[in-house]
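Enquirer: So that we are looking at the same thing, I have put the structure below in structure tokens.
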Amino acid sequence: LPLTGSRWIFVGRETERGKSLTDGPVCLCFRGAFSEVVLAEEKRTQRLVAIKCIPKKALEGKENSIENEIAVLHKIKHANIVSLEEIFESKSHLYLVMQLVSGGELFDRIIEKGFYTEKDASKLIQQILDAVKYLHDMGIVHRDLKPENLLYYSMDEDSKIMISDFGLSKIEGSGSVMSTACGTPGYVAPEVLAQKPYSKAVDCWSIGVIAYILLCGYPPFYDENDAKLFEQILKAEYEFDSPYWDDISDSAKDFIVHLMEKDPNTRYTCEQALQHPWIAGDTALEKNIHESVSAQIKKNFAKSKWKQAFNATAVVRHMRRLQLSTGQEGPNPTLPSPCRSHLMMPGEDAGAPSSHPCSY
């Protein structure tokens, strides 16, 4: 469908308002490796949306990836998942009209708060679990859950959290086995790094990692040496370090342990996690942990540290070059077709590496 004459117009400077999206400069919200996201409004209602503009040249050889993302987005409708409203195309671009979320990123909001508790973290994780359970019930695995893909719907104090970016998601086929190495190293499950066939359990591991970070402000796995980082993940070696975890409840730690379980067969499912007392009960503490958590987030998740993009397959190849011994029988070393992802290793930015409490 041609975009010109559609019901959407871009939102820019006052002198440019009312132009079609194909007429010229736009109000850029975000620029990624292969696309741009622009602000637009519906002509009739002036309702704002975000439009993902993807040059067709950038899609050459990646058609299956975008078709998969669109197929997934068309299937889902959930209060905590950014929705796809419409698709257009011009001769040069593909346009995905997406629900606009304007509340900002997860970490930014936590830092801005003056008061933040386990209970706040529990409510966030409950929303994520509910949305991911919905995906899993639909046969969809996200495969790239991380804080950067969690956005607040609005600036309201009680705004809900939204899951975005389904570029790596996968619809499970009957009898199909997922084995493509993709995701973000700090959040990826051991079985993915070990190049073993995996399932929707990989999302549950990622939620465990996110819960860990929400309660202390730093990642459970960190090392400037890639081989050691991967070894930690493959062995599921992490700690609840003092003093950062001294004021965190045993129930919260138990919840994380069940999600960050090395064996995917015994790892909690979303349904099981939703029934844990830390989520469904009243064991999440209401003590203010904002000072400690926000200080660690600032130290360990500065935006500059997430600039580079890595391919997950390249990470696994790098792991092989380092001749990391996992002590596990792996599958055939020939990797499946690469899967594009935003992979950033802490400390690989040109600036000073982040300081993890376990490093010293």
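Enquirer: Rounded, prolate or oblate: which fits region 191-246 when a ≥ b ≥ c are the square roots of the eigenvalues of the alpha-carbon gyration tensor, with rounded for a/c under 1.5 and prolate only if a/b beats b/c?
Expert: oblate
Enquirer: Sort Leu96, Leu135 so that the residue with the fewest other Cβ atoms within 10 Å of its own Cβ comes first and the one with the most comes last.
Expert: Leu96, Leu135
Enquirer: Excluding same-chain residues fewer than 8 positions from Lys287, which aspartates and glutamates have a Cα within less than 16 Å of its Cα?
Expert: The reachable aspartates and glutamates, counting only those whose Cα sits under 16 Å from Lys287, are Glu118, Asp120, Asp246, Asp247, Asp250.
Enquirer: Set Lys and Arg Cβ to +1 and Asp and Glu Cβ to -1, take the dipole of region 40-134 about its Cα centre, and tell me which of His78, Ala121, Ile66 lies farthest positive.
Expert: Result: His78.
Enquirer: Among Ile207, Ile70, Ile233, what is the fewest-to-most ranking by other Cβ atoms within 10 Å?
Expert: Result, fewest neighbours first: Ile70, Ile207, Ile233.
Enquirer: With every atom except the alpha carbons ignored, what do you get for Rg and Dmax of region 190-299, in angstroms?
Expert: 14.4, 41
Enquirer: Fewest Cβ neighbours within 10 Å first, please rank Val37, Val72, Val188 accordingly.
Expert: Val37, Val72, Val188
Enquirer: Using the Cα atoms as the points, what is the convex hull volume per residue of region 90-171 in Å³?
Expert: 118
Enquirer: I've got another one for you. Tell me which residues come under 5 Å, amide H to amide H, from Glu86 once H is placed; ignore anything under 5 positions away on its chain.
Expert: Val97
Read-outs: derived from the displayed coordinates by stated rules, not from any lab. Note that the structure is predicted; figures quoted are calculated from it, not measured. Cβ sites come from the backbone with ideal geometry, for glycine too, and all protein chains shown count toward neighbours.
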